[in-house]
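See structure below.
The values are calculated or read from the model by the stated rules, or taken from the named source; none is laboratory data. Quick caveat: nothing in here was measured; it's all calculated off a predicted structure. Cβ atoms come from the backbone with ideal geometry, glycine included; neighbour counts cover every protein chain shown.
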Amino acid sequence: MSIEAQTVLTEQVAAAAQVAGLVIVSNAEGTDFSGGSTTRFTLGLAADLAKTQMLELSSGFDISRADLAAVVKDYLAEAAKRLKNPRPDCYLTLGGLPLGFDKFAWPFHASSSGADTSLVHGEIWLEDGKERLLHAKVSASMTVTFREVVAAPEQPFAESFIYNAVRKILDQGQLELVKSGNRQPVPVTTRYYNPKQKKFVFNDTTEAQRREFLAAKVYWLSGVLGGGQPVWMIDPRDAQYLDTTLEDLKKTAHTLATEGLIIIAETEYAVPTDALMARHEQYAEEMAQALAFTKPTFNEDMRAGHTNM
């Protein structure tokens with residue numbers, strides 16, 4: 001990337017970040033999977049520079065374009081709220097797995113195998129408050145057809161649905177968390193997109209499921225991983241994952257507060273009560289069952305050689 005182009009991109013990111021309450025802590029030149037030039041920005045909360053996240057953009061990317069600026073603005077505004085979480089990198093699955101997302105390399109790159117797909121690589125880790133051991137290296141693939149509904153193959157435009165696709169694939173038992181292993185595929189197709197409503201769809205959930213999800217989220221992300229610090233309850237990524245609205249999430253959070261399971265803090269954030277933390281055996285069992293569901297099973301007769309040839 002030329003110095004001039006990097007300066008322009010940095011100025012654009014700095015201006016957009018400032019509006020969201022973020023600042024650029026540092027930036028450095030990078031290289032994407034295909035050898036293309038990128039810039040890696042470390043963004044921090046203006047009110048707490050210890051809270052940071054990485055934003056990696058391609059050289060030549062112009063976030064001032066009218067069709068791109070609104071998405072980047074929303075992405076940064078959400079990032080500022082998510083960074084207030086004690087573990088902004090962590091998410092929960094419907095099955096009850098607390099996960100950390102790490103080392104995602106943006107933007108998408110073309111498949112080196114000749115397949116007509118775009119890929120992004122990253123890692124997910126089981127975050128249960130103990131030593132980090134189980135993880136999965138993932139390769140999320142976006143088909144050409146799906147690519148047509150994404151405005152740009154950059155982090156602000158794809159991170160949300162990629163993370164939710166990973167959660168969905170885990171819910172289906174199609175990813176295994178292991179101590180070591182090869183990269184596992186996460187196919188992202190048009191089945192995750194509703195063209196009539198022009199939105200991503202991952203799960204059809206009931207109000208009861210969403211209530212259990214939010215309670216478990218506060219238990220894990222605040223109570224276990226966050227030292228009791230408030231976590232954001234009205235996260236648009238969860239709304240997309242659960243196929244619900246932000247208003248519905250807010251109502252569900254208030255229901256949990258009425259039931260004495262959480263305490264609402266700062267309007268959109270919550271911490272667990274002692275009653276919620278007392279459910280540790282339940283949540284540990286749900287996590288164990290979700291982990292077991294991801295492990296491959298074998299036909300024992302075939303393993304013993306009893307097959308019809």
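Here is how the numbers come out for the structure above:
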{"read-out": "Pairs, first at positive phi in the range 214-243, second of a type in the set (Val, Ile, Thr) and not in a helix (DSSP H, G or I), C-beta under 6 Å, six or more apart", "value": "Gly228/Val271; Asp243/Val201"}
{"read-out": "Filter pass, Glu159 being closer than 27 Å to Leu55 by Cα, buried (at least 19 other Cβ atoms within 10 Å of the Cβ) and outside the structural domain of Met287 (by TED's automatic domain parsing)", "value": "yes"}
{"read-out": "Which listed residue, of Val138, Val71, Val120, is more than 20 Å from Phe33 (Cα to Cα), β-branched (Val, Ile, Thr) and in contact (Cβ under 8 Å) with a residue 40 or more places away in the chain", "value": "Val71"}
{"read-out": "Residues (more than 19 Å from the chain's Cα centre (by Cα), over 20 Å from Ala275 (Cβ atoms) and either modelled with pLDDT under 95 or not in a helix (DSSP H, G or I) (or both)) located in the range 192-251", "value": "Asn194, Pro195, Lys196, Gln197, Lys198, Thr206"}
{"read-out": "From the options Pro98, Pro88, residue that is under 15 Å from the mean Cα position of the chain (by Cα), surrounded by 17 or more Cβ atoms within 10 Å (Cβ to Cβ) and more than 19 Å from Ala165 (Cβ to Cβ)", "value": "Pro88"}
{"read-out": "Residue list for the range 252-263, filter: over 22 Å from Thr93 (Cβ atoms) and out of contact with any Pro (no Cβ under 9 Å at 6 or more places or on another chain)", "value": "His254, Ala257, Thr258, Glu259, Gly260"}
{"read-out": "Exclusive hit being surrounded by fewer than 18 Cβ atoms within 10 Å (Cβ to Cβ) and not in a helix (DSSP H, G or I), set Asp62, Asp67", "value": "Asp62"}
{"read-out": "Residue match in the range 96-114 (condition: touching a helix residue (DSSP H, G or I) at 6+ places or on another chain (Cβ under 9 Å), touching a residue at least 12 places away in the same chain (Cβ under 8 Å) and farther than 30 Å from Leu45 by Cβ)", "value": "no"}
{"read-out": "Condition check for Lys295: closer than 16 Å to Lys81 by Cα and among the charged types (D, E, K, R)", "value": "no"}
{"read-out": "Exclusive hit being in a strand (DSSP E or B), closer than 26 Å to Leu225 by Cβ, at pLDDT below 95 and among the small types (Gly, Ala, Ser), set Ala50, Ala28", "value": "Ala50"}
{"read-out": "Qualifying residues in the range 11-38 (those that are of a type in the set (S, T, N, Q) and touching a Ser or Thr at 6+ places or on another chain (Cβ under 7 Å)) - the one nearest to Ala69 (Cα to Cα)", "value": "Gln12"}
